[in-house]
Amino acid sequence: MSKIKEAFTNGKAFIPFITCGDPTLDTTKAAVKEMVKAGADLIELGIPFSDPTAEGPVIQEANIRALKNNVTTDDVFAMVEELRQTVTIPLVFMTYANVVFSYGAEKFMQRCEEVGIDGIILPDIPFEEKEEFDAVCKAHGVDLVSMIAPTSEERISMIAKEANGFVYCVSSLGVTGVRSNITTDIGAMVRKVKEVNAIPCAVGFGISTPEQAEKMAKQADGVIVGSAIVKLCAQYGEEAPSYIGEYVKSMKEACLR
């Protein structure tokens, strides 16, 4: 069993996202530890990038703040290596093809294997172009996590058949960000996936409240939240970790209701 699947063995999974280095890498480290204590089952770590096309303004601004602090991909790897001394839950990178390309795909995945990264999400790589990354991911035991959107429809089965780790179900069209209402039939998306692959499905994009988390957890195996957590980093800066811990605890509890 891939380590990512372990994240879904403790009831409905709660998966928080954080941008590394916003406002500092020490804050990110402290926030990760608080999230683990608060019951996070898997954590997505965003590697800062200058053009994060899937992100709304909240996470875009976090990327800009981190890059202004000169946070590099090597800094992020070093941070993960340090976290791995105590953090045992699965960790997944969320970043963009250019970050991997410019680092060198082989070298990047080798570093992932060395520091203990379990998977990677590349939102700008369509299913049809994943092969060049998938092969090198597999060689280093890193799951390339597939995304499906409300518009994927007849492509869902095709994507799900080859999916690894978990399937990221995008709840809303457009970019990441808090939404007051999610109207997509997530249950139907999940059923289509499960028809061809017994892989866990987690829902992300737009979820921010415990009520939304509870509703989404009834339809999928896990809930992903990013912008609401990144907002806490923007609001509280280096004091954010304790607020993030409280928020994650409330969301995990909602997922289990």
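Just so you know, all these numbers are worked out from the coordinates, no wet-lab data involved. What you are looking at is a predicted structure, and each value in this text was computed from that prediction instead of being measured. Quick reminder, even Gly has a Cβ in these numbers, built from the backbone with ideal geometry, and neighbours come from all protein chains shown.
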If you rank CYS169, CYS112 by fewest surrounding Cβ atoms within 10 Å, what's the result?
CYS112, CYS169
Local electrostatic count at VAL248 - Lys and Arg +1, Asp and Glu -1, tallied over other residues with Cβ under 12 Å:
0
Could you compute how fast the chain diffuses translationally, taking Rh as the Kirkwood radius over C-alpha pairs and applying Stokes-Einstein at 4 °C with viscosity 1.567 mPa s? Give it in µm² per second.
73
Within 10 Å, count the other beta carbons around each residue, average over each peptide in 12-20, 144-152, and list them highest first.
12-20, 144-152
Summed residue charge, Cβ within 12 Å of VAL142's Cβ, Lys/Arg positive, Asp/Glu negative:
-3
Which ³J(HN,Hα) values, rounded to whole Hz and listed in residue order, are derived for the range 121-130 from phi using the Karplus coefficients 6.51, -1.76 and 1.60 in 6.51 cos²θ - 1.76 cosθ + 1.60 with θ = phi - 60°, glycine and proline given as x?
10, 10, x, 9, 9, x, 3, 5, 10, 7
Pick from GLU131, GLU238, GLU44: which residue has the top mean-square fluctuation in a GNM of the chain where Cα pairs under 10 Å get a spring?
GLU131
When only alpha-carbon atoms count, how far does the range 105-176 stretch along each of its three principal axes, as whole angstroms with the largest first?
36, 24, 17
Work from the charge dipole of the range 1-135 (Cβ charges, +1 for Lys and Arg, -1 for Asp and Glu, about the Cα centre) and give the residue of PHE108, ALA66, PRO123 farthest towards its positive end.
ALA66
Would you list which lysines come within 21 Å of LYS231, measuring only between C-alpha atoms, while excluding same-chain residues fewer than 8 positions from it?
LYS29, LYS33, LYS37, LYS68, LYS249, LYS252
Before rounding to the nearest 500, sum -39500 (n - 2.57) across all DSSP H runs of length at least 4 in the chain and divide by the residue total; then give [θ] at 222 nm in deg cm²/dmol.
-13500 deg cm²/dmol
Total formal charge among the other residues, if their Cβ is under 11 angstrom from that of TYR96, Lys/Arg +1 and Asp/Glu -1:
-3
Calculate log10 I(q)/I(0) of the range 2-62 for q = 0.13 Å⁻¹, where I(q) comes from the Debye formula with a single equal point scatterer on each Cα and nothing for solvent.
-0.41
Setting aside same-chain residues fewer than 8 positions from LYS192, which aspartates and glutamates have a Cα under 15 Å from its Cα?
GLU153, GLU154, GLU162, ASP221
